[in-house]
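Engineer: Attaching a single structure in structure tokens format; questions to follow.
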Amino acid sequence: MTAPAGGSGGVAGVDGAGVVELRLPGLLADDAGGRPVHHVDAARVRTVADLLDAVGAGWPRLDRRLRDETGVLRRHVNVFVGPDDVRWAQGLATPVRAGDVVLVLPSVAGG
């Protein structure tokens, strides 16, 4: 599954060179074992969808909060690979590679 934040968990070196990092805000981290950072072996994932599949396999409630029953990102969920919003790139097909940081941010509404 995913290695603990700050550790390799046997997935990659301590420097994280062989992993893709998924960062979650506190509210979403609660649905992922309370962990705001997850590392996935970069050899296992090629796209944002693959990354969400890998993390979501261990945390199905998180997956349901991020994607609908058809696998599409929910409207209020924003995903960034580095500085790039995946909605303006290739969506869930946006490529990821070792060393990438993927950030999930829910939209904030109000006035």
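The values are calculated or read from the model by the stated rules, or taken from the named source; none is laboratory data. What you see is a predicted model, and the numbers here were worked out from it, not measured in a lab. Virtual Cβ from ideal backbone geometry, glycine too; neighbours counted across all protein chains shown.
Engineer: Is it the case, given these coordinates, that residue 43 is among the small types (Gly, Ala, Ser), in contact with a His (Cβ under 9 Å, 6 or more places away or on another chain), surrounded by fewer than 21 Cβ atoms within 10 Å (Cβ to Cβ) and not in a strand (DSSP E or B)? It would help to see each step written out before you state the result.
Structural biologist: Working: among the small types (Gly, Ala, Ser): yes; in contact with a His (Cβ under 9 Å, 6 or more places away or on another chain): no; surrounded by fewer than 21 Cβ atoms within 10 Å (Cβ to Cβ): yes; not in a strand (DSSP E or B): yes.
Considered against the rule, which asks whether it is among the small types (Gly, Ala, Ser), in contact with a His (Cβ under 9 Å, 6 or more places away or on another chain), surrounded by fewer than 21 Cβ atoms within 10 Å (Cβ to Cβ) and not in a strand (DSSP E or B), residue 43 comes out as no.
Engineer: Within the stretch 17-70, how many residues turn out to be touching a helix residue (DSSP H, G or I) at 6+ places or on another chain (Cβ under 8 Å) and among the basic types (Lys, Arg)?
Structural biologist: Of the residues in the stretch 17-70, 5 are touching a helix residue (DSSP H, G or I) at 6+ places or on another chain (Cβ under 8 Å) and among the basic types (Lys, Arg).
Engineer: Follow-up. Which ones in the stretch 71-80 are among the charged types (D, E, K, R) and either surrounded by 12 or more Cβ atoms within 10 Å (Cβ to Cβ) or in contact with a helix residue (DSSP H, G or I) (Cβ under 7 Å, 6 or more places away or on another chain) (or both)?
Structural biologist: 74 - this is the single residue of the stretch 71-80 that is among the charged types (D, E, K, R) and either surrounded by 12 or more Cβ atoms within 10 Å (Cβ to Cβ) or in contact with a helix residue (DSSP H, G or I) (Cβ under 7 Å, 6 or more places away or on another chain) (or both).
Engineer: Which one is nearest to residue 59 (Cα to Cα) among residues in the stretch 23-40 that are over 12 Å from the mean Cα position of the chain (by Cα) and in a helix (DSSP H, G or I)?
Structural biologist: The residue in question is 31.
Engineer: Could you tell me which of the residues 102, 108 is modelled with pLDDT under 95 and either exposed (fewer than 13 other Cβ atoms within 10 Å of the Cβ) or not in a loop (DSSP other than H, G, I, E, B) (or both)?
Structural biologist: 108
Engineer: Right, residue 55: outside any strand (DSSP E or B) and at pLDDT below 95 or not?
Structural biologist: For residue 55, the condition - outside any strand (DSSP E or B) and at pLDDT below 95 - is not met.
Engineer: Within the stretch 81-96, work out how many residues are in contact (Cβ under 8 Å) with a residue 12 or more places away in the chain, outside any loop (DSSP other than H, G, I, E, B) and loosely packed, with under 13 Cβ neighbours inside 10 Å.
Structural biologist: Matching residues across the stretch 81-96 total 1.
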